[in-house]
1. Would you check if residue 130 is part of a helix (DSSP H, G or I) and in contact with a strand residue (DSSP E or B) (Cβ under 8 Å, 6 or more places away or on another chain)?
2. Any residue in the stretch 91-100 that is modelled with pLDDT of 75 or more, assigned to a strand (DSSP E or B) and over 18 Å from residue 184 (Cα atoms)?
3. Return the residue satisfying two criteria in turn: it lies in the stretch 1-17 and is modelled with pLDDT under 75 and part of a helix (DSSP H, G or I), and of such residues it is surrounded by the most Cβ atoms within 10 Å (Cβ to Cβ).
4. In the stretch 112-127, is there at least one residue being farther than 30 Å from residue 17 by Cβ, surrounded by 13 or more Cβ atoms within 10 Å (Cβ to Cβ) and in contact with a strand residue (DSSP E or B) (Cβ under 9 Å, 6 or more places away or on another chain)?
5. At pLDDT below 90, surrounded by 12 or more Cβ atoms within 10 Å (Cβ to Cβ) and touching a strand residue (DSSP E or B) at 6+ places or on another chain (Cβ under 9 Å): does that describe residue 62?
6. Would the stretch 147-161 turn up any residue that is in a helix (DSSP H, G or I) and over 21 Å from the mean Cα position of the chain (by Cα)?
7. If you go through the stretch 18-35, how many residues are within 15 Å of residue 75 (Cα to Cα) and either under 18 Å from the mean Cα position of the chain (by Cα) or not assigned by TED's automatic domain parsing to the domain that holds residue 75 (or both)?
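The values are calculated or read from the model by the stated rules, or taken from the named source; none is laboratory data. On a predicted model such as this, the values are computed, not experimentally measured, just so you know. As a convention, Cβ positions derive from the backbone with ideal geometry for all residues, glycine included, and neighbour counts pool all protein chains shown.
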């Protein structure tokens with residue numbers, strides 16, 4: 001077996017190494033993810049709502065991120081096996097590289113979407129919307145006066161910055177960047193807010 005491997009062209013050996021090692025790591029990553037271990041480092045993004053003594057942080061480690069450890073492992077796994085398939089089909093070196101890189105990138109997109117979808121399901125399932133009442137946030141998409149048009153707000157609920165739909169009973173429209181206070185829960189993920197005055 002070892003002699004057979006050593007007689008392979010260098011490029012084919014490289015693809016075998018990449019495919020086997022990355023497949024093993026990918027298996028470990030999925031097992032760890034299944035049991036609740038996060039293999040990607042958290043990325044904090046500061047969000048300043050211009051409200052005194054309030055710091056907003058987005059935990060980007062579980063959100064929509066393309067360049068993560070999981071995605072790189074997925075890329076090299078598909079890259080390796082696709083390259084081996086191309087070599088077995090007697091494709092040229094250039095075509096083999098092109099197809100394997102393209103397949104790896106497509107797998108990265110799929111993996112990103114999959115983990116983001118899982119994260120959103122978990123986030124939605126854990127959100128207790130009533131915890132938003134009394135919280136201070138900021139208008140992201142303008143909210144029409146007297147409930148004339150629904151907008152969106154950024155607000156920190158349960159230690160996580162969230163984007164939620166909102167209405168207002170205020171006489172004037174609440175434009176983007178307006179600091180607001182949540183006064184009531186209308187329905188799931190829909191809040192009633194008012195302009196916040198210090």
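1. Numbers: part of a helix (DSSP H, G or I): yes; in contact with a strand residue (DSSP E or B) (Cβ under 8 Å, 6 or more places away or on another chain): yes.
Yes; evaluated as a whole, the condition is true for this residue.
2. Looking through the stretch 91-100, none of the residues is modelled with pLDDT of 75 or more, assigned to a strand (DSSP E or B) and over 18 Å from residue 184 (Cα atoms).
3. Per the criteria, the residue is 5.
4. yes
5. no
6. Within the stretch 147-161, the subset in a helix (DSSP H, G or I) is 147.
The next check asks that each one be over 21 Å from the mean Cα position of the chain (by Cα); those that pass are 147.
There is at least one residue in the stretch 147-161 that is in a helix (DSSP H, G or I) and over 21 Å from the mean Cα position of the chain (by Cα).
7. Residues that pass the stated criteria total 2.
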